[in-house]
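What follows is a short report on a single structure.
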Amino acid sequence: MKYRQAFLKEPYKFIIKEVEHKPKGDELMIKISACGLCNWELNFWSGKLNFLGYPHSLGHEWAGVVAEVGPDATRFKVGDKVSGLARGFGGFAEYKVISEKSCEKLADSVDPKYAMGEPQKCVITVLRAVEPEVGDAGVILGCGPMGLWCAQALAGKYLDKLIAVDIDDKKLDMSKEFGVTHAINSKKENVAEVIKTLTGGRLADFVIEGTGVPAILNEAQRYVKSAGRGKLALMSSHSSAAPEFDFRVAVEKSLQIIVAHPNYSRNEADDFRRAVALINNGTFQNEPLVSHEFKLDDIEEAFKTLENKPADFIKGIVVCN
């Protein structure tokens with residue numbers, strides 16, 4: 001089958017090429033509904049990363065519908081909705097060929113346009129890293145899509161407190177809609193003091209850092225309890241070094257610092273399976289977070305917008321079909 005696919009020709013320049021592939025063995029041909037825009041891929045867009053040479057494909061947060069199956073594929077049939085765990089890129093395209101082992105079935109009720117399971121797989125990795133316990137107080141720093149997905153997954157009566165911190169009141173209001181018990185605007189309030197008051201002086205059992213701002217790491221450890229084994233989990237990617245980190249605070253608190261990125265996962269495929277299960281049961285809600293949609297032909301505009309996010313930007317997707 002021939003189809004159109006976007007390739008990064010050089011930094012800041014995409015081209016659309018016609019390619020041709022056919023599923024073999026246990027492979028599936030997926031008609032891609034949409035592919036999410038990921039901050040990490042800005043490293044390729046700017047030329048900071050380029051281990052594939054030019055031109056190369058991008059896009060790893062995709063979902064779609066099975067259009068064709070290889071002769072050895074047994075798990076899926078034509079018409080099934082699926083989300084895929086990226087093995088390489090290729091999501092910014094009309095179609096993608098991938099082994100069925102890397103896919104999970106979406107419920108019939110789920111719109112694959114809003115079912116990008118890969119970033120939620122990363123959220124599952126973070127949540128399994130912090131291992132929340134009944135009655136914990138948890139803090140989410142940053143109400144971007146990853147922080148809001150954490151809020152969706154952690155909401156309910158399991159925790160004592162679920163606290164969101166951001167500088168945008170609209171995003172904080174959204175976090176409360178998803179089940180956060182308390183929202184703090186760090187431009188208006190002393191975050192450490194508010195958390196201390198809310199927890200009766202105990203502070204947080206775990207803090208999930210999702211801002212991507214290195215300077216906040218030093219302050220974030222002050223939100224963690226002093227009783228020992230409190231967790232500070234780094235969820236975001238950081239493009240620059242933190243200006244300082246006072247390990248005296250970490251030593252005093254016997255703090256656990258966890259870099260909960262994909263390589264930390266016990267089993268990425270299992271994290272992905274769990275993520276899709278939460279999409280299917282409605283825990284992860286993607287559509288309310290999608291603030292910007294772009295056509296495949298407008299992929300350069302999409303990346304420019306991702307790089308220079310407008311105030312109302314939460315999550316962007318490229319609609320491929």
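All of the numbers you see were taken from the coordinates with simple rules; none came from a lab. Because the structure is predicted, anything quoted here is derived from the model rather than measured. Using ideal geometry, Cβ is built from the backbone for each residue, glycine included, and neighbour counts are taken over all protein chains shown.
Just to verify a number: FRET efficiency for Asp108 and Asp169, C-beta to C-beta distance, R0 = 45 Å, to 0.05?
Values: r = 37 Å, r/R0 = 0.82.
For Asp108 and Asp169, the calculated efficiency is 0.75.
Using packing as a proxy for protection, rank 89-96, 243-250 so that the peptide with the highest average count of other Cβ atoms within 10 Å comes first.
The most tightly packed comes first, giving 89-96, 243-250.
Over 22 Å between Cα atoms: which of Lys24/Lys105; Lys48/Lys113; Lys9/Lys48 fall into that group?
The answer is Lys48/Lys113.
Could you work out how much longer the chain between Lys309 and Val78 gets when fully extended? Use 0.36 nm per residue separation minus the Cα distance between them, nm to one decimal.
Full extension from Lys309 to Val78 adds 79.4 nm.
DSSP loop chymotrypsin sites (Phe, Trp or Tyr not before Pro) in the range 7-60 with at most 12 other Cβ atoms within 10 Å of their Cβ, which ones?
Passing both the DSSP loop test and the Cβ count: Phe51.
Pull out the extension gain between Glu252 and Ser239, defined as 0.36 nm times the separation in residues minus the alpha carbon to alpha carbon distance; nm, one decimal.
On the way: separation 13, 0.36 × 13 = 4.68 nm, distance 2.84 nm.
Here the answer is 1.8 nm.
Could you put Tyr3, Tyr54 in order, starting from the residue whose Cβ has the fewest other Cβ atoms within 10 Å?
Details: Tyr3 20, Tyr54 13.
Arranged by neighbour count, lowest to highest, Tyr3, Tyr54 become Tyr54, Tyr3.
With springs only between Cα atoms under 10 Å apart, run a GNM on the chain and tell me which of Glu131, Glu61, Glu100 wobbles the most.
Glu131
Using only the alpha carbons of the range 97-148, determine the length spanned along each of the three principal axes and report them from longest to shortest in whole angstroms.
41, 21, 20
List the extent of the Cα atoms of the chain along each of their three principal axes, largest first, rounded to whole Å.
The principal-axis extents, from largest down, are 62, 39, 32 Å.
Could you work out Rg/(2.2 N^0.38 Å) for the range 120-264, with Rg from alpha carbons only?
In units of the 2.2 N^0.38 Å rule of thumb, it is 0.94.
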